[in-house]
Amino acid sequence: MTDTRLTLTRSAATWNRPMFRATLIDEIQTLGPEHPALQPLLQAGLRQTSAVADDALAVHLLSSREQKGRILVHLGIFYAGIIAGCSCADDPSPVDTITEHCELLLDIDLATGQARAALCGG
């Protein structure tokens, strides 16, 4: 089973303050595409390529609201996907990437900053 847990304590601490958006975006981008909770979600969100590249994420906050001690967040994520060659050891073609996009839903516990992530529509 995929572990979709994240720790977003800085974001939870800035909820309902002007710096929430920037803090959340920074925390997610700092985790990067290889984070154990994000990587399988990004992989499942691929539409044009076969693997998630190690390139930086571009995160956009689409919406956020509080409900019963939790912050519910809808994010748009832009990231690089790898166009694989023939996977032969002597394959001379360079690794090429295409920008991919998916949307994630976060459910953040306001008291602890512990969060669960899910692919929107997945």
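The values are calculated or read from the model by the stated rules, or taken from the named source; none is laboratory data. What you are looking at is a predicted structure, and each value in this text was computed from that prediction instead of being measured. As a convention, Cβ positions derive from the backbone with ideal geometry for all residues, glycine included, and neighbour counts pool all protein chains shown. In case anyone asks, the SASA skips ligands and DNA or RNA and just uses the protein heavy atoms, side chains included. Shrake-Rupley method; radii C 1.70, N 1.55, O 1.52, S 1.80 Å.
Pull out all pairs, ordered by first then second residue, where Cβ-Cβ is under 6 Å, the residues are six or more apart or on different chains, the first lies in segment 43-70 and is exposed (fewer than 13 other Cβ atoms within 10 Å of the Cβ), and the second is modelled with pLDDT of 95 or more and in a loop (DSSP other than H, G, I, E, B).
Partner pairs satisfying both residue conditions: G69/L110.
If the Cβ limit is 9 Å and pairs must be 6+ apart or interchain, which residue in segment 8-29 that is at positive phi pairs with which residue that is loosely packed, with under 14 Cβ neighbours inside 10 Å?
Hits for this filter: N16/E66.
If you check A44 against the conditions, is it in contact with a Leu (Cβ under 7 Å, 6 or more places away or on another chain) and among the small types (G, A, S)?
It is true that A44 is in contact with a Leu (Cβ under 7 Å, 6 or more places away or on another chain) and among the small types (G, A, S).
Report the residue count in segment 19-28 for those that are touching a strand residue (DSSP E or B) at 6+ places or on another chain (Cβ under 6 Å) and either farther than 17 Å from D107 by Cα or open to solvent by 70 Å² or more (accessible area, probe 1.4 Å) (or both).
Final tally of qualifying residues: 1.
Output the qualifying pairs, or none if there are none: Cβ atoms under 7 angstrom, residues six or more apart or on different chains, first residue in segment 96-122 and under 18 Å from L24 (Cβ atoms), second residue among the basic types (K, R) and buried (at least 17 other Cβ atoms within 10 Å of the Cβ).
Every condition considered, the pairs that remain are D107/R70; I108/R70; D109/R70; L110/R70.
Find the residue count for segment 7-18, including only residues that are over 13 Å from L110 (Cα atoms) and hydrophobic (A, V, I, L, M, F, W, C).
Count: 0.
Just the residues that are under 16 Å from L75 (Cα atoms), at pLDDT 95 or above and basic (K, R), please, taken from segment 1-38.
Within segment 1-38, just R21 meets the criteria.
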